[in-house]
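*Asks:* Below are the structure tokens for one structure; questions will follow.
The values are calculated or read from the model by the stated rules, or taken from the named source; none is laboratory data. Owing to the predicted nature of the structure, the values given are computational and were not obtained by experimental measurement. Virtual Cβ from ideal backbone geometry, glycine too; neighbours counted across all protein chains shown. With ligands, DNA and RNA removed, areas are computed over all heavy atoms of the protein, side chains included. Shrake-Rupley method; radii C 1.70, N 1.55, O 1.52, S 1.80 Å.
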Amino acid sequence: METITIHTSKAYEILLEEGLLATAAEHISKVLPPVEDGRAANSAPRKCCVVCDKTVCQLYGQKPHPLLTGLLEAGYTVHVYVFNPGEKSKSLRTAEDLCGFLSENHFGRNDFIIALGGGVCGDLAGFAASIYMRGIPYIQIPTTLLAMADSSVGGKTGVNTDAGKNMLGTFWQPSLVIADPKALETLNKTELLNGLAEVIKAGFIGDTSIFDVISEGLPAAIAKAIQVKKEIVEEDEREGGSRRLLNFGHTIGHAIEKCSNYTIPHGFAVMTGMYLTALAADERGWSRTPMAGFIKSAIDAFAYPVYTDCTAADLAAAAKDDKKHEADRITIIYPDQPGTCAMKELPISDLEVFIASGLTKAQGR
Ligand SMILES: NC(=O)c1ccc[n+]([C@@H]2O[C@H](COP(=O)([O-])OP(=O)(O)OC[C@H]3O[C@@H](n4cnc5c(N)ncnc54)[C@H](O)[C@@H]3O)[C@@H](O)[C@H]2O)c1
């Protein structure tokens, strides 16, 4: 089993191995024992709330799946909260409903949440964990490639509002992350590509050897992507500086998601965002090595549907609402050379022109 420890304000382990879903309870009970420390052995067991969407619930979140039976056998009182799959559920309304569910079931400060699912589940359940009773522990059990390689690590939680993606959120580190790549066997090709975009992003940000190991199998690529994120979040947990590099492709990507009313998946939007940013940055001569060609190779290698029918004006307007800017300037993360990204401040008034130059080049005009 691969164990990666993340040394943020709260240190926690990421366990990565095929088959871990079946033995998850064993690992959870080492971190959050079924009977709280200091309580008499015959006192009430600790409660855990498994949060998952309907699809994941049917696959892994109900009996007789060993994850559920293992938790029960370990001695936890288990509740399951199920929400509708999709980005639309990443809302304050669902978070409030989940917090209500915890209250109705008398969850206290030492009880905990298990976020079982993709990035939507992790962000939503982590957000609820961070605000319920001013914060309770949570465990991430990612079941999508995107969540294993990226979103379950680093403690960013959040929900979307009408103003944009992740407009309400917290930094709240999990107590443990359990990643079982076997769970990826039930993902469809679209979702695999969706997650692979964040793996490819990690390659462009910090480690081009990721591109070599992708063909060897996903666990190796996931481990390398986690290492890239680990180094960055340990240096800058709350995104005051270098953590912003992880947002490569996300300024335009989030705008694409929002303009498509969240019909374009996050990873596809980020892939398009990385490409458009690289084209525009190359045109301005920002990158030490022109990088758009490298990104296009990755797009072609995996046949990504790089696509947006939004105009530069729409995307700029959506990006201006995004929280990644201050006053009249926005930080653009661009690829500087293979395995390295850099940041540049752009006046907000220049954003539409910047995006338009990427779009024009992408459309071969
Ligand atoms: N917190 C962070 O640092 C961070 C980083 C990157 C992305 N994100 C967020 O992650 C979200 C996207 O995550 P996602 O792409 O995992 O989306 P998702 O959670 O909606 O999952 C995608 C789909 O896959 C299904 N699914 C999940 N696991 C499955 C499995 N094993 N087998 C079959 N189907 C399965 C789900 O039901 C869903 O329909 C976005 O909201 C994005 O903002 C957060």
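*Asks:* Answer yes or no: is there a residue in region 267-280 that is closer than 26 Å to Gly119 by Cβ, part of a loop (DSSP other than H, G, I, E, B) and either of a type outside the set (Val, Ile, Thr) or within 22 Å of the chain's Cα centre (by Cα) (or both).
*Replies:* The answer is no, given that none of the residues of region 267-280 is closer than 26 Å to Gly119 by Cβ, part of a loop (DSSP other than H, G, I, E, B) and either of a type outside the set (Val, Ile, Thr) or within 22 Å of the chain's Cα centre (by Cα) (or both).
*Asks:* Tally the residues that are within 11 Å of the ligand (Cβ to nearest atom), under 21 Å from Ala24 (Cα atoms) and in a helix (DSSP H, G or I), restricting the search to region 125-156.
*Replies:* 9
*Asks:* Do the conditions hold for Gly285, that is, is it open to solvent by 20 Å² or more (accessible area, probe 1.4 Å) and farther than 30 Å from Ile6 by Cα?
*Replies:* Working: open to solvent by 20 Å² or more (accessible area, probe 1.4 Å): yes; farther than 30 Å from Ile6 by Cα: yes.
Criteria met by Gly285.
*Asks:* Then there's this: Give me the residue from region 188-218 that is in contact with a Gly (Cβ under 8 Å, 6 or more places away or on another chain) and outside any helix (DSSP H, G or I) and, out of that set, least open to solvent (accessible area, probe 1.4 Å).
*Replies:* Of everything passing the filter in region 188-218, Asp207 is least open to solvent (accessible area, probe 1.4 Å).
*Asks:* Pairs needed: first member in region 342-353, farther than 16 Å from Ala318 by Cβ; second member anywhere, open to solvent by 50 Å² or more (accessible area, probe 1.4 Å) and in a helix (DSSP H, G or I); C-beta distance under 7 Å; at least 6 residues apart or different chains.
*Replies:* That search, which allows pairs on different chains as well, returns Met343/Arg244.
*Asks:* If Lys344 meets every condition in (1) at pLDDT 95 or above; (2) open to solvent by 70 Å² or more (accessible area, probe 1.4 Å); (3) within 14 Å of Gly253 (Cα to Cα) apart from one, which number is that one?
*Replies:* Evaluating Lys344 over (1) at pLDDT 95 or above; (2) open to solvent by 70 Å² or more (accessible area, probe 1.4 Å); (3) within 14 Å of Gly253 (Cα to Cα) leaves (3) as the failure.
*Asks:* Okay, next question. How many residues are under 14 Å from Asp53 (Cβ atoms) and either of a type in the set (Ser, Thr, Tyr) or at pLDDT below 95 (or both) if we restrict to region 138-150?
*Replies:* Residues in region 138-150 being under 14 Å from Asp53 (Cβ atoms) and either of a type in the set (Ser, Thr, Tyr) or at pLDDT below 95 (or both): 2 in total.
*Asks:* Just wondering, is there one or more residues in region 258-270 that are at positive phi and modelled with pLDDT under 95?
*Replies:* yes
*Asks:* While we're here: Return yes when Ile252 is of a type in the set (Val, Ile, Thr), modelled with pLDDT under 95 and in contact with a helix residue (DSSP H, G or I) (Cβ under 7 Å, 6 or more places away or on another chain) and no when it is not.
*Replies:* Criteria not met by Ile252.
*Asks:* Okay, moving on. Within region 183-196, track down each residue that is touching a helix residue (DSSP H, G or I) at 6+ places or on another chain (Cβ under 8 Å) and more than 9 Å from the ligand (Cβ to nearest atom).
*Replies:* Leu192, Leu193, Leu196
*Asks:* Then there's this: When only residues in region 157-169 that are in contact (Cβ under 8 Å) with a residue 40 or more places away in the chain and open to solvent by 40 Å² or more (accessible area, probe 1.4 Å) count, which is farthest from the ligand (Cβ to nearest atom)? First the steps, then the outcome.
*Replies:* Filtering region 157-169 for residues in contact (Cβ under 8 Å) with a residue 40 or more places away in the chain gives 158-161, 163-169.
Then drop every residue that is not open to solvent by 40 Å² or more (accessible area, probe 1.4 Å), which leaves 161, 163, 167-169.
Details: Thr161: 13, Ala163: 15, Met167: 11, Leu168: 13, Gly169: 8 Å.
If we take residues in region 157-169 being in contact (Cβ under 8 Å) with a residue 40 or more places away in the chain and open to solvent by 40 Å² or more (accessible area, probe 1.4 Å), then Ala163 is farthest from the ligand (Cβ to nearest atom).
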